[in-house]
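The values are calculated or read from the model by the stated rules, or taken from the named source; none is laboratory data. Everything numeric in this text was worked out from a predicted model, so none of it was measured. No Cβ is skipped: glycine too gets one built from the backbone with ideal geometry, and neighbour counts run over all protein chains shown. We work out accessible area using only protein heavy atoms, side chains counted, and drop any ligands, DNA or RNA first. Shrake-Rupley method; radii C 1.70, N 1.55, O 1.52, S 1.80 Å.
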Amino acid sequence: MTDTAPTAIPPTAQVTLADGRVEIAPGAPQPSGPYANEDLLPVPVAKRTWTTYNFSALWVGMAHNTASWTLASGLIAVGMDWKQAVFTIALANLIVLVPMLLTGHAGPKYGIPFPVFARASFGVRGANLPAVVRALVACGWFGIQTWIGGEAIYFLAGKLIGDRWANAAHIGGYAWTMWLSFAIFWIIQVAIIHRGMETIRRFENWAAPFVLVGAFVMLWWMSDKAGGVGPLFDQPSALGWGGDFWKLFWPSLMGMIGFWSTLSLNIPDFTRYGRSQKAQTWGQALGLPSTMTLFAFLSVLVTSGSQAVYGKPVWDPVQLAAKTDNVVGLVYALVTVLVATLSVNIAANLVSPSFDFSNVAPRKVSFRTGALITAVLAVVICPWKLYSDPQGYIFTWLGLVGGLLGTVAGILVADYWILRRTRLALADLYRAGGRYWYAGGWNWRAVVAFLAGGVLAVGGADFHPLIDGRPVPALRSLADYGWAVGLGTSLVLYLLLTVLTGRRERPVEETAETAQETV
(Lines give C-alpha, C1' and ligand atoms only; values in the text may rest on other atoms or scores of the structure.)
Protein backbone atom coordinates (compact mmCIF):
# COMPACT_ATOMS: atom_id res chain seq x y z
CA MET A 1 0.00 0.00 0.00
CA THR A 2 2.70 2.41 -0.96
CA ASP A 3 4.43 4.11 -3.83
CA THR A 4 7.64 2.27 -3.01
CA ALA A 5 10.95 3.67 -4.23
CA PRO A 6 13.57 1.11 -5.29
CA THR A 7 16.31 0.47 -2.76
CA ALA A 8 19.30 -1.82 -2.52
CA ILE A 9 19.19 -1.91 1.28
CA PRO A 10 18.14 -5.39 2.43
CA PRO A 11 15.28 -5.47 4.93
CA THR A 12 16.06 -6.17 8.55
CA ALA A 13 14.61 -9.50 9.67
CA GLN A 14 11.56 -9.63 11.89
CA VAL A 15 10.07 -12.64 13.64
CA THR A 16 6.52 -13.30 14.81
CA LEU A 17 6.15 -15.15 18.11
CA ALA A 18 3.42 -17.64 18.90
CA ASP A 19 1.39 -15.01 20.76
CA GLY A 20 1.44 -12.68 17.73
CA ARG A 21 4.04 -10.23 18.98
CA VAL A 22 6.69 -9.16 16.48
CA GLU A 23 10.29 -8.09 17.02
CA ILE A 24 13.56 -7.70 15.16
CA ALA A 25 15.04 -11.17 14.65
CA PRO A 26 17.78 -12.20 17.11
CA GLY A 27 21.15 -11.41 15.55
CA ALA A 28 19.73 -9.06 12.94
CA PRO A 29 20.90 -5.43 12.95
CA GLN A 30 18.66 -2.84 14.54
CA PRO A 31 17.21 -0.19 12.22
CA SER A 32 19.55 2.77 11.95
CA GLY A 33 19.98 5.97 10.01
CA PRO A 34 18.44 9.44 10.19
CA TYR A 35 14.96 8.15 11.13
CA ALA A 36 15.95 6.02 14.12
CA ASN A 37 17.29 6.53 17.59
CA GLU A 38 17.27 4.53 20.81
CA ASP A 39 13.97 6.01 22.01
CA LEU A 40 12.10 5.28 18.77
CA LEU A 41 13.35 1.73 18.10
CA PRO A 42 11.01 -1.24 18.76
CA VAL A 43 11.00 -2.43 22.37
CA PRO A 44 12.36 -6.02 22.46
CA VAL A 45 9.80 -8.62 23.55
CA ALA A 46 11.86 -9.35 26.68
CA LYS A 47 11.36 -5.77 27.81
CA ARG A 48 7.62 -5.65 27.16
CA THR A 49 6.72 -6.31 30.78
CA TRP A 50 3.67 -4.16 31.66
CA THR A 51 0.77 -6.22 33.02
CA THR A 52 -2.98 -5.66 33.22
CA TYR A 53 -2.47 -4.06 36.63
CA ASN A 54 0.16 -1.65 35.27
CA PHE A 55 -2.22 -0.42 32.56
CA SER A 56 -5.15 -0.21 34.97
CA ALA A 57 -3.02 1.71 37.47
CA LEU A 58 -1.85 3.99 34.68
CA TRP A 59 -5.46 4.85 33.85
CA VAL A 60 -6.50 5.22 37.47
CA GLY A 61 -3.59 7.60 37.95
CA MET A 62 -4.45 9.56 34.80
CA ALA A 63 -8.23 9.57 35.23
CA HIS A 64 -8.17 10.58 38.90
CA ASN A 65 -6.75 14.03 38.40
CA THR A 66 -7.78 17.63 38.79
CA ALA A 67 -8.54 18.20 35.10
CA SER A 68 -10.85 15.14 35.07
CA TRP A 69 -12.53 16.55 38.15
CA THR A 70 -13.13 19.87 36.40
CA LEU A 71 -14.72 18.10 33.42
CA ALA A 72 -17.61 16.92 35.56
CA SER A 73 -17.73 19.95 37.84
CA GLY A 74 -17.61 22.18 34.76
CA LEU A 75 -20.74 20.48 33.41
CA ILE A 76 -22.48 21.27 36.71
CA ALA A 77 -21.29 24.85 36.41
CA VAL A 78 -22.89 25.24 32.94
CA GLY A 79 -26.28 23.90 34.11
CA MET A 80 -26.39 20.09 34.19
CA ASP A 81 -27.38 18.10 37.27
CA TRP A 82 -25.36 15.18 38.59
CA LYS A 83 -27.23 12.54 36.55
CA GLN A 84 -26.76 14.40 33.29
CA ALA A 85 -23.07 15.08 33.93
CA VAL A 86 -22.23 11.48 34.89
CA PHE A 87 -24.21 10.12 31.92
CA THR A 88 -22.35 12.42 29.49
CA ILE A 89 -18.92 11.48 30.83
CA ALA A 90 -19.62 7.73 31.07
CA LEU A 91 -20.85 7.59 27.47
CA ALA A 92 -17.90 9.64 26.22
CA ASN A 93 -15.38 7.31 27.80
CA LEU A 94 -17.03 4.19 26.43
CA ILE A 95 -16.87 5.76 22.97
CA VAL A 96 -13.25 6.91 23.18
CA LEU A 97 -12.19 3.49 24.52
CA VAL A 98 -12.82 2.01 21.05
CA PRO A 99 -10.15 3.97 19.12
CA MET A 100 -7.95 3.70 22.22
CA LEU A 101 -7.90 -0.10 21.95
CA LEU A 102 -7.63 -0.08 18.16
CA THR A 103 -4.56 2.15 18.04
CA GLY A 104 -3.12 0.60 21.20
CA HIS A 105 -2.96 -2.79 19.45
CA ALA A 106 0.22 -1.82 17.54
CA GLY A 107 2.12 -1.21 20.79
CA PRO A 108 2.41 -4.70 22.27
CA LYS A 109 2.46 -6.31 18.81
CA TYR A 110 5.40 -4.31 17.41
CA GLY A 111 6.85 -2.40 20.39
CA ILE A 112 6.70 0.94 18.55
CA PRO A 113 5.67 4.40 19.80
CA PHE A 114 2.94 6.53 18.23
CA PRO A 115 5.10 8.66 15.87
CA VAL A 116 6.65 5.52 14.37
CA PHE A 117 3.22 3.86 14.12
CA ALA A 118 1.96 6.94 12.22
CA ARG A 119 4.70 6.46 9.61
CA ALA A 120 2.78 3.53 8.12
CA SER A 121 -0.07 5.81 7.06
CA PHE A 122 1.47 9.29 6.80
CA GLY A 123 4.93 8.29 5.57
CA VAL A 124 8.30 8.20 7.30
CA ARG A 125 8.59 11.97 7.07
CA GLY A 126 4.87 12.75 6.90
CA ALA A 127 4.34 11.26 10.37
CA ASN A 128 5.81 14.48 11.70
CA LEU A 129 2.51 16.21 10.84
CA PRO A 130 0.27 14.24 13.27
CA ALA A 131 3.16 13.93 15.73
CA VAL A 132 3.67 17.69 15.95
CA VAL A 133 -0.10 18.36 16.12
CA ARG A 134 -0.36 15.84 18.95
CA ALA A 135 2.71 17.29 20.64
CA LEU A 136 1.40 20.87 20.54
CA VAL A 137 -1.89 19.71 22.05
CA ALA A 138 0.09 17.97 24.79
CA CYS A 139 2.01 21.20 25.41
CA GLY A 140 -1.30 22.95 26.06
CA TRP A 141 -2.41 20.18 28.39
CA PHE A 142 0.94 20.12 30.18
CA GLY A 143 0.68 23.84 30.76
CA ILE A 144 -2.91 23.62 32.08
CA GLN A 145 -2.03 20.82 34.48
CA THR A 146 1.13 22.59 35.62
CA TRP A 147 -0.92 25.71 36.35
CA ILE A 148 -3.29 23.57 38.46
CA GLY A 149 -0.36 22.08 40.36
CA GLY A 150 1.09 25.54 40.88
CA GLU A 151 -2.27 26.68 42.29
CA ALA A 152 -2.14 23.88 44.84
CA ILE A 153 1.35 24.88 45.95
CA TYR A 154 0.30 28.54 46.10
CA PHE A 155 -2.73 27.91 48.32
CA LEU A 156 -0.89 25.42 50.52
CA ALA A 157 2.00 27.82 51.09
CA GLY A 158 -0.47 30.65 51.67
CA LYS A 159 -2.13 28.77 54.52
CA LEU A 160 1.22 27.89 56.08
CA ILE A 161 3.10 31.18 55.53
CA GLY A 162 0.26 33.68 55.73
CA ASP A 163 -0.78 36.92 54.06
CA ARG A 164 2.67 37.97 52.84
CA TRP A 165 2.58 34.94 50.50
CA ALA A 166 -1.12 34.87 49.65
CA ASN A 167 -1.42 38.63 49.09
CA ALA A 168 1.91 39.29 47.40
CA ALA A 169 2.25 41.94 44.71
CA HIS A 170 0.57 41.10 41.40
CA ILE A 171 2.33 40.66 38.07
CA GLY A 172 0.29 39.98 34.93
CA GLY A 173 -2.92 39.60 36.91
CA TYR A 174 -1.56 37.08 39.46
CA ALA A 175 0.53 37.28 42.62
CA TRP A 176 4.24 36.81 41.97
CA THR A 177 4.12 33.93 44.45
CA MET A 178 1.61 32.18 42.14
CA TRP A 179 4.10 32.46 39.29
CA LEU A 180 6.81 31.09 41.59
CA SER A 181 4.57 28.15 42.54
CA PHE A 182 3.96 27.48 38.84
CA ALA A 183 7.72 27.42 38.23
CA ILE A 184 8.38 25.08 41.17
CA PHE A 185 5.84 22.54 39.97
CA TRP A 186 7.23 22.80 36.42
CA ILE A 187 10.73 21.92 37.68
CA ILE A 188 9.48 18.95 39.75
CA GLN A 189 7.89 17.35 36.68
CA VAL A 190 10.89 17.83 34.43
CA ALA A 191 13.07 16.21 37.11
CA ILE A 192 10.84 13.11 37.27
CA ILE A 193 10.65 12.62 33.50
CA HIS A 194 14.43 12.91 33.32
CA ARG A 195 14.68 9.62 35.21
CA GLY A 196 12.86 7.69 32.47
CA MET A 197 9.84 5.44 31.85
CA GLU A 198 10.48 2.94 34.65
CA THR A 199 10.29 5.72 37.24
CA ILE A 200 6.97 6.81 35.72
CA ARG A 201 5.57 3.27 35.96
CA ARG A 202 6.49 3.01 39.65
CA PHE A 203 5.08 6.46 40.39
CA GLU A 204 1.75 5.58 38.72
CA ASN A 205 1.42 2.37 40.75
CA TRP A 206 1.30 4.13 44.14
CA ALA A 207 -0.21 7.44 43.02
CA ALA A 208 -3.44 5.85 41.74
CA PRO A 209 -4.90 4.60 45.07
CA PHE A 210 -3.67 7.68 46.95
CA VAL A 211 -5.65 10.00 44.69
CA LEU A 212 -8.82 7.92 44.90
CA VAL A 213 -8.75 8.03 48.69
CA GLY A 214 -8.30 11.80 48.49
CA ALA A 215 -11.43 12.16 46.35
CA PHE A 216 -13.53 10.24 48.89
CA VAL A 217 -12.17 12.48 51.64
CA MET A 218 -13.33 15.52 49.64
CA LEU A 219 -16.80 13.91 49.33
CA TRP A 220 -16.99 13.24 53.07
CA TRP A 221 -15.96 16.82 53.86
CA MET A 222 -18.51 18.38 51.53
CA SER A 223 -21.36 16.13 52.67
CA ASP A 224 -20.54 17.08 56.26
CA LYS A 225 -20.64 20.78 55.33
CA ALA A 226 -23.94 20.32 53.48
CA GLY A 227 -25.58 18.44 56.38
CA GLY A 228 -25.60 15.01 54.72
CA VAL A 229 -25.50 13.49 51.26
CA GLY A 230 -29.10 14.47 50.46
CA PRO A 231 -28.33 18.05 49.38
CA LEU A 232 -25.61 16.71 47.05
CA PHE A 233 -28.25 14.83 45.06
CA ASP A 234 -30.98 17.46 45.33
CA GLN A 235 -29.46 20.23 43.23
CA PRO A 236 -31.74 20.53 40.17
CA SER A 237 -30.69 20.78 36.54
CA ALA A 238 -30.99 24.25 35.05
CA LEU A 239 -31.67 22.60 31.69
CA GLY A 240 -34.23 19.85 32.28
CA TRP A 241 -34.24 16.91 29.85
CA GLY A 242 -35.71 18.84 26.93
CA GLY A 243 -34.20 20.78 24.06
CA ASP A 244 -31.96 22.92 26.26
CA PHE A 245 -30.18 19.82 27.59
CA TRP A 246 -29.67 18.13 24.23
CA LYS A 247 -28.41 21.37 22.72
CA LEU A 248 -25.69 21.39 25.38
CA PHE A 249 -25.24 17.59 25.46
CA TRP A 250 -23.66 17.09 22.02
CA PRO A 251 -20.85 19.65 22.29
CA SER A 252 -20.29 18.49 25.89
CA LEU A 253 -20.04 14.86 24.73
CA MET A 254 -17.52 15.82 22.04
CA GLY A 255 -15.58 17.80 24.64
CA MET A 256 -15.50 14.84 27.02
CA ILE A 257 -14.28 12.60 24.17
CA GLY A 258 -11.75 15.27 23.26
CA PHE A 259 -10.30 15.04 26.78
CA TRP A 260 -8.81 11.60 26.05
CA SER A 261 -8.56 11.93 22.25
CA THR A 262 -4.89 12.68 22.82
CA LEU A 263 -4.30 9.30 24.43
CA SER A 264 -6.41 7.53 21.81
CA LEU A 265 -3.62 8.46 19.39
CA ASN A 266 -0.45 8.05 21.37
CA ILE A 267 -1.45 5.12 23.58
CA PRO A 268 1.14 2.97 21.71
CA ASP A 269 3.75 5.02 23.61
CA PHE A 270 2.64 2.99 26.65
CA THR A 271 1.24 -0.22 25.19
CA ARG A 272 4.59 -0.84 23.47
CA TYR A 273 5.74 -2.02 26.90
CA GLY A 274 2.78 -4.42 27.23
CA ARG A 275 3.35 -8.10 28.01
CA SER A 276 0.47 -9.08 25.73
CA GLN A 277 -2.58 -7.79 23.88
CA LYS A 278 -4.69 -9.14 26.72
CA ALA A 279 -2.77 -7.01 29.23
CA GLN A 280 -3.35 -3.76 27.36
CA THR A 281 -6.94 -4.57 26.37
CA TRP A 282 -8.14 -5.60 29.82
CA GLY A 283 -6.00 -3.01 31.57
CA GLN A 284 -7.51 -0.18 29.55
CA ALA A 285 -11.06 -1.55 29.49
CA LEU A 286 -11.05 -1.96 33.26
CA GLY A 287 -9.12 1.22 33.98
CA LEU A 288 -10.57 3.95 31.75
CA PRO A 289 -14.42 3.91 31.68
CA SER A 290 -14.90 2.72 35.25
CA THR A 291 -12.47 5.12 36.92
CA MET A 292 -13.52 8.12 34.84
CA THR A 293 -17.19 7.47 35.64
CA LEU A 294 -16.50 6.97 39.35
CA PHE A 295 -14.37 10.09 39.52
CA ALA A 296 -17.00 12.06 37.63
CA PHE A 297 -19.61 10.84 40.12
CA LEU A 298 -17.50 12.01 43.06
CA SER A 299 -16.79 15.32 41.34
CA VAL A 300 -20.40 16.19 40.55
CA LEU A 301 -21.53 15.29 44.07
CA VAL A 302 -18.87 17.49 45.65
CA THR A 303 -19.60 20.33 43.21
CA SER A 304 -23.34 20.00 43.82
CA GLY A 305 -22.58 20.13 47.51
CA SER A 306 -20.58 23.31 47.05
CA GLN A 307 -23.61 24.81 45.33
CA ALA A 308 -25.75 23.92 48.34
CA VAL A 309 -23.18 25.26 50.84
CA TYR A 310 -21.84 28.36 49.09
CA GLY A 311 -24.78 29.29 46.86
CA LYS A 312 -22.93 28.64 43.60
CA PRO A 313 -20.94 25.67 42.24
CA VAL A 314 -17.18 25.82 42.85
CA TRP A 315 -15.86 23.87 39.88
CA ASP A 316 -12.12 24.20 40.65
CA PRO A 317 -11.16 21.68 43.39
CA VAL A 318 -8.13 23.72 44.39
CA GLN A 319 -10.32 26.78 45.00
CA LEU A 320 -12.79 24.57 46.87
CA ALA A 321 -10.14 23.00 49.11
CA ALA A 322 -8.82 26.46 49.96
CA LYS A 323 -12.18 27.29 51.60
CA THR A 324 -11.54 24.98 54.55
CA ASP A 325 -10.17 26.39 57.79
CA ASN A 326 -8.73 23.03 58.85
CA VAL A 327 -5.02 23.22 58.07
CA VAL A 328 -4.51 19.43 58.24
CA GLY A 329 -7.42 18.83 55.90
CA LEU A 330 -6.22 21.51 53.53
CA VAL A 331 -2.70 20.10 53.42
CA TYR A 332 -4.03 16.61 52.69
CA ALA A 333 -6.39 17.87 49.97
CA LEU A 334 -3.76 19.95 48.22
CA VAL A 335 -1.10 17.25 48.43
CA THR A 336 -3.64 14.95 46.79
CA VAL A 337 -4.10 17.52 44.03
CA LEU A 338 -0.34 17.69 43.56
CA VAL A 339 0.05 13.91 43.31
CA ALA A 340 -2.93 13.63 40.98
CA THR A 341 -1.62 16.36 38.72
CA LEU A 342 1.88 14.92 38.62
CA SER A 343 0.42 11.52 37.80
CA VAL A 344 -1.54 12.55 34.73
CA ASN A 345 0.71 15.32 33.52
CA ILE A 346 3.85 13.26 33.29
CA ALA A 347 2.18 10.17 31.84
CA ALA A 348 -0.27 11.80 29.44
CA ASN A 349 1.30 15.13 28.55
CA LEU A 350 5.07 14.81 28.81
CA VAL A 351 5.95 11.26 27.74
CA SER A 352 4.18 11.34 24.38
CA PRO A 353 5.27 14.74 23.02
CA SER A 354 8.80 13.81 24.04
CA PHE A 355 8.61 10.93 21.54
CA ASP A 356 6.84 13.18 19.02
CA PHE A 357 9.55 15.86 19.05
CA SER A 358 12.23 13.18 18.96
CA ASN A 359 10.59 11.82 15.80
CA VAL A 360 11.08 15.19 14.05
CA ALA A 361 14.88 14.99 14.32
CA PRO A 362 15.86 11.60 15.79
CA ARG A 363 19.61 12.24 15.62
CA LYS A 364 19.41 15.57 17.43
CA VAL A 365 16.42 15.28 19.76
CA SER A 366 16.39 12.58 22.44
CA PHE A 367 13.43 11.63 24.62
CA ARG A 368 14.69 13.90 27.41
CA THR A 369 15.32 16.81 25.04
CA GLY A 370 11.79 16.38 23.67
CA ALA A 371 10.46 16.57 27.22
CA LEU A 372 12.27 19.86 27.80
CA ILE A 373 10.89 21.29 24.53
CA THR A 374 7.39 20.30 25.66
CA ALA A 375 7.84 21.92 29.05
CA VAL A 376 9.05 25.20 27.53
CA LEU A 377 6.26 25.39 24.93
CA ALA A 378 3.73 24.67 27.69
CA VAL A 379 4.59 28.03 29.23
CA VAL A 380 4.55 29.90 25.90
CA ILE A 381 0.94 28.74 25.26
CA CYS A 382 -0.26 30.74 28.32
CA PRO A 383 -2.32 27.94 29.95
CA TRP A 384 -3.79 30.25 32.62
CA LYS A 385 -5.95 31.79 29.89
CA LEU A 386 -7.28 28.41 28.69
CA TYR A 387 -8.17 27.31 32.21
CA SER A 388 -9.76 30.56 33.41
CA ASP A 389 -13.33 29.77 32.27
CA PRO A 390 -15.27 26.44 32.14
CA GLN A 391 -17.04 27.49 28.92
CA GLY A 392 -13.78 28.08 27.07
CA TYR A 393 -12.13 25.08 28.71
CA ILE A 394 -14.80 22.54 27.73
CA PHE A 395 -16.21 23.86 24.48
CA THR A 396 -13.28 25.69 22.90
CA TRP A 397 -10.15 23.89 24.07
CA LEU A 398 -11.50 20.35 24.35
CA GLY A 399 -13.71 20.72 21.28
CA LEU A 400 -10.81 21.86 19.08
CA VAL A 401 -8.50 19.19 20.45
CA GLY A 402 -11.05 16.45 19.88
CA GLY A 403 -11.87 17.56 16.35
CA LEU A 404 -8.26 17.64 15.17
CA LEU A 405 -7.10 14.47 16.89
CA GLY A 406 -10.21 12.54 15.89
CA THR A 407 -9.18 13.25 12.30
CA VAL A 408 -5.78 11.63 12.86
CA ALA A 409 -7.35 8.65 14.64
CA GLY A 410 -9.62 7.97 11.65
CA ILE A 411 -6.61 7.70 9.33
CA LEU A 412 -4.65 5.45 11.69
CA VAL A 413 -7.56 3.06 12.20
CA ALA A 414 -8.37 2.92 8.45
CA ASP A 415 -4.76 2.20 7.49
CA TYR A 416 -3.79 -0.25 10.23
CA TRP A 417 -6.99 -2.25 10.63
CA ILE A 418 -8.82 -2.05 7.29
CA LEU A 419 -6.02 -1.77 4.73
CA ARG A 420 -3.08 -3.51 6.39
CA ARG A 421 -4.98 -5.94 8.64
CA THR A 422 -2.50 -5.10 11.47
CA ARG A 423 0.55 -6.21 9.42
CA LEU A 424 3.61 -3.94 9.43
CA ALA A 425 7.21 -4.32 8.26
CA LEU A 426 9.24 -3.01 11.17
CA ALA A 427 12.46 -2.08 9.36
CA ASP A 428 10.64 -0.10 6.66
CA LEU A 429 9.22 2.21 9.33
CA TYR A 430 12.75 3.52 9.89
CA ARG A 431 14.25 3.82 6.40
CA ALA A 432 14.02 5.84 3.24
CA GLY A 433 12.97 3.99 0.09
CA GLY A 434 10.89 1.36 1.87
CA ARG A 435 7.21 0.61 1.63
CA TYR A 436 6.32 3.55 3.91
CA TRP A 437 8.40 6.11 2.03
CA TYR A 438 5.62 7.00 -0.45
CA ALA A 439 6.61 10.21 -2.33
CA GLY A 440 9.58 11.85 -0.67
CA GLY A 441 8.57 10.38 2.68
CA TRP A 442 5.00 11.75 2.57
CA ASN A 443 1.69 10.00 1.86
CA TRP A 444 -0.39 12.74 0.22
CA ARG A 445 -3.59 10.71 0.75
CA ALA A 446 -3.23 10.94 4.53
CA VAL A 447 -2.43 14.65 4.36
CA VAL A 448 -5.51 15.38 2.21
CA ALA A 449 -7.74 13.31 4.51
CA PHE A 450 -6.33 15.09 7.56
CA LEU A 451 -6.85 18.57 6.12
CA ALA A 452 -10.37 17.84 4.88
CA GLY A 453 -11.42 16.19 8.14
CA GLY A 454 -9.82 18.94 10.20
CA VAL A 455 -11.58 21.75 8.34
CA LEU A 456 -14.98 20.06 8.63
CA ALA A 457 -14.40 19.21 12.31
CA VAL A 458 -13.23 22.57 13.66
CA GLY A 459 -13.73 25.09 10.86
CA GLY A 460 -17.11 26.16 12.21
CA ALA A 461 -16.12 26.15 15.88
CA ASP A 462 -16.15 29.16 18.18
CA PHE A 463 -12.51 29.82 19.06
CA HIS A 464 -13.30 32.19 21.95
CA PRO A 465 -11.38 33.06 24.15
CA LEU A 466 -8.42 32.27 21.86
CA ILE A 467 -9.73 34.40 18.99
CA ASP A 468 -13.08 36.00 18.17
CA GLY A 469 -15.42 34.44 15.63
CA ARG A 470 -15.58 31.23 13.61
CA PRO A 471 -13.06 30.60 10.78
CA VAL A 472 -15.72 29.05 8.48
CA PRO A 473 -19.18 30.20 9.66
CA ALA A 474 -20.93 27.97 7.09
CA LEU A 475 -19.66 24.90 8.99
CA ARG A 476 -21.14 26.02 12.31
CA SER A 477 -23.70 23.18 12.35
CA LEU A 478 -20.86 20.58 12.36
CA ALA A 479 -18.92 22.20 15.21
CA ASP A 480 -20.88 20.46 17.98
CA TYR A 481 -19.88 17.05 16.57
CA GLY A 482 -16.22 17.82 15.90
CA TRP A 483 -14.60 14.57 17.02
CA ALA A 484 -17.11 12.34 15.21
CA VAL A 485 -17.01 14.49 12.06
CA GLY A 486 -13.22 14.51 11.98
CA LEU A 487 -12.83 10.78 12.58
CA GLY A 488 -15.56 9.73 10.14
CA THR A 489 -14.51 12.09 7.35
CA SER A 490 -10.81 11.22 7.46
CA LEU A 491 -11.45 7.47 7.72
CA VAL A 492 -13.76 7.35 4.70
CA LEU A 493 -11.77 9.80 2.59
CA TYR A 494 -8.47 8.03 3.26
CA LEU A 495 -9.97 4.69 2.22
CA LEU A 496 -11.48 6.21 -0.94
CA LEU A 497 -8.24 7.89 -1.98
CA THR A 498 -6.31 4.68 -1.37
CA VAL A 499 -8.69 2.54 -3.42
CA LEU A 500 -9.09 5.07 -6.25
CA THR A 501 -5.33 5.55 -6.70
CA GLY A 502 -4.80 1.79 -6.89
CA ARG A 503 -1.99 1.33 -4.41
CA ARG A 504 -0.46 -2.13 -4.29
CA GLU A 505 2.02 -3.64 -1.87
CA ARG A 506 3.52 -7.10 -1.54
CA PRO A 507 2.50 -8.88 1.68
CA VAL A 508 4.63 -8.18 4.74
CA GLU A 509 4.91 -11.90 5.45
CA GLU A 510 6.95 -12.46 2.26
CA THR A 511 9.53 -9.90 3.29
CA ALA A 512 9.67 -11.27 6.83
CA GLU A 513 10.07 -14.91 5.73
CA THR A 514 12.79 -14.07 3.21
CA ALA A 515 14.66 -12.05 5.79
CA GLN A 516 14.42 -14.78 8.39
CA GLU A 517 15.93 -17.33 6.00
CA THR A 518 19.05 -15.19 5.60
CA VAL A 519 19.66 -14.78 9.32
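Maximal additional length on extending the SER290-LEU160 stretch stands at 43.2 nm, based on 0.36 nm per residue less the C-alpha distance. Structure note, pairs LYS225/LYS385; LYS159/LYS225; LYS323/LYS385; LYS159/LYS312; LYS83/LYS225; LYS247/LYS312: Cα-Cα distances above 25 angstrom occur for LYS225/LYS385. Ranked by the mean number of other Cβ atoms within 10 Å of their residues, highest first, the peptides 108-115, 492-499 fall in the order 108-115, 492-499. Spin-label pair GLU38-ALA18: with each label point 7 Å from Cα along the Cα-Cβ axis, the two points sit 3.4 nm from one another.
Accessible surface calculations at 1.4 Å, restricted to protein heavy atoms, place segment 241-368 at 31 Å² per residue. Residue by residue, segment 128-144 carries 3J(HN,Hα) couplings of 5, 4, x, 5, 6, 4, 4, 5, 5, 4, 5, 4, x, 5, 4, x, 4 Hz when phi is fed to the Karplus relation 6.51 cos²θ - 1.76 cosθ + 1.60 (θ = phi - 60°); x denotes Gly or Pro.
Across segment 490-496, coupling constants 3J(HN,Hα) worked out from phi with the 6.51/-1.76/1.60 Karplus curve, θ = phi - 60°, read 5, 4, 5, 5, 5, 5, 4 Hz, and Gly and Pro carry x. Under 5 Å from the amide H of GLN14 lie the amide H atoms of ALA25, GLN516, each residue being 5 or more positions distant or on a separate chain, with H modelled from the backbone and absent for Pro and chain starts.
Shown is the FRET efficiency for GLN30 and VAL499, computed with R0 = 51 Å from the Cβ-Cβ distance and rounded to the nearest 0.05: 0.90. Enumerate the residues in segment 100-132 having an amide nitrogen under 16 Å from the point lying 7 Å beyond the Cα of VAL448 toward its Cβ. Taking a point 7 Å out along Cα→Cβ of VAL448, the residues of segment 100-132 whose backbone N falls under 16 Å are 122-123.
Please state the shape class of segment 234-339: rounded when a/c is under 1.5, otherwise prolate if a/b exceeds b/c and oblate if not, all from the C-alpha gyration tensor. It comes out oblate by the Cα gyration axes.
What the Cβ-Cβ distance of PHE216 and VAL472 gives, at R0 = 51 Å and to the nearest 0.05, is a FRET efficiency of 0.65.
A 22 angstrom limit on the alpha carbon distance is what I want to check against. Which of LYS47/LYS364; LYS47/LYS109; LYS109/LYS278 exceed it? Violating the 22 Å Cα-Cα cut-off are LYS47/LYS364. In this structure, the amide hydrogen of VAL314, modeled 1.01 Å from its nitrogen in the peptide plane, lies closer than 5 angstrom to those of SER306, GLN307, counting only residues at least 5 positions away or on a different chain. The distance between label points at LYS323 and VAL379 comes to 3.3 nm (points 7 Å beyond Cα on the Cα→Cβ vector).
The residues of segment 1-157 expose on average 28 square angstrom of accessible surface per residue, using a 1.4 Å probe on protein heavy atoms.
What distance in nm separates the two pseudo spin-label positions at VAL132 and HIS170, each 7 Å out from Cα along the beta-carbon direction? So the label points at VAL132 and HIS170 sit 3.8 nm apart. Here the Karplus curve 6.51 cos²θ - 1.76 cosθ + 1.60, taken at θ = phi - 60°, turns the phi angles of segment 439-448 into couplings of 10, x, x, 10, 9, 4, 4, 5, 5, 4 Hz, with x standing for Gly and Pro. Taking every C-alpha pair closer than 8 Å and separated by at least 6 residues, the mean separation divided by the residue count of segment 120-187 gives a relative contact order of 31 percent.
Pairs of Cα atoms in segment 95-191 fall into 5 Å distance bins, from 0 up to the last occupied one, in shares of 3, 12, 14, 15, 12, 10, 9, 8, 8, 7, 3, 0 percent. Taking 0.36 nm per residue of separation and subtracting the Cα-Cα distance, full extension of the segment from ARG420 to ASP244 would add 59.0 nm. Taking Cβ atoms as reference points and 11 Å as the exclusive limit, the residues near SER354 contribute a net charge of -2, counting Lys and Arg as +1 and Asp and Glu as -1.
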